[in-house]
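The structure under discussion appears below in the form of structure tokens.
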Amino acid sequence: MARIRVLVVDDHRIFAESLAAALAAEPDVDVSAAGSGPAALRALERAAAEGRGYDVLLVDAELGARTGGGELPAVPAPRPEEPAAVDGIALVAGVRAARPGVRSVVLAEKDDPRAAARALQAGASGWVAKDCSLQRLLSVIRGVLRDETHLPPALLTGVLRELTAARKHRSESERLVESLTPREREVLRCMVAGLGRKAVAERLFLSPHTVRTHMQNVLGKLGVHSTLAAVALARRAGVGPADQGTGALGRDVVERGGQLAQ
């Protein structure tokens, strides 16, 4: 019998232990628990190194949001190279990027179409109420391993509405980014990378005054009033940061007498 390896990620001790015990009673399920995002990442890393990776993560939608009693014991701080995954959606996204073969199911105390849509966009394969029956949860676990996506019927309309709105928002952001010149797009990528005006000038071999002009043009064309807003819009449009180090970006760009030469 093929066994399903499940990792419960929840910082509420009673819920995590109860759920793990219930799942462990199933003949084809092996289950472990982690009390935080970093602890879950370490568990995934250890399991993969031992050749017995997890199949499904059950992630608390409110992971990291609780304070006070009832939580699982604190775990050591993550190593510097570990992703700083804190909340449940961030953990889902991180696992999806690092270990695409692992399926994630978000466990929630309440129906929230917006949060459920964010979870799906992050890579979750399901959204399940915490008070659902064990049989329902097992059905979802087995279903996501068949590449199914599971949502409560009551959430479907709201989630579709949220996803449609997000797609429309992204399309508008993409249109605005496309209005930029190639040089302005390079400056925007540097902004997304967190570079200040002086660093951008050094990176693109431009004067600070020229970079300032480009940045002002970027903000104007994007219809925003701050670098943070420009970066947020760029992210929605799928614009990534400039590559680190000295490379193709700006290699053939020089400034002569205040004019750009390609």
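The values are calculated or read from the model by the stated rules, or taken from the named source; none is laboratory data. Computed from a prediction, not measured in an experiment: that's the story for all the values here. We place every Cβ from the backbone using ideal geometry, glycine too, and count neighbours over all the protein chains shown. Calculation scope for accessible area: heavy atoms of the full protein, side chains included, ligands and nucleic acids excluded. Shrake-Rupley method; radii C 1.70, N 1.55, O 1.52, S 1.80 Å.
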- Message: From Cα pairs below 8 angstrom and at least 6 apart in sequence, can you work out the relative contact order of segment 111-217, rounded to a whole percent?
- Response: 22 percent
- State, to one decimal in nm, how far the label point of ASP28 lies from the label point of ALA97, with both points 7 Å from Cα in the Cβ direction. 3.4 nm
- Provide CYS132, CYS190 ordered by accessible surface of protein heavy atoms (probe 1.4 Å), highest first. CYS132, CYS190
- Residue by residue through segment 117-134, the couplings from Karplus 6.51 cos²θ - 1.76 cosθ + 1.60 with θ = phi - 60°, in Hz, x for Gly and Pro, are 5, 4, 5, 5, 5, 6, x, 5, 9, x, 9, 10, 5, 5, 8, 6, 6, 4
- Heavy atoms of VAL59: accessible area, 1.4 Å probe, square angstrom to 10: 0 Å²
- Taking segment 103-142 and dividing mean pair separation by its residue count, relative contact order in percent (alpha carbons under 8 Å, at least six apart): 48 percent
- Accessible surface of ILE89 in the full protein assembly, 1.4 angstrom probe, to the nearest 10 Å²? 20 Å²
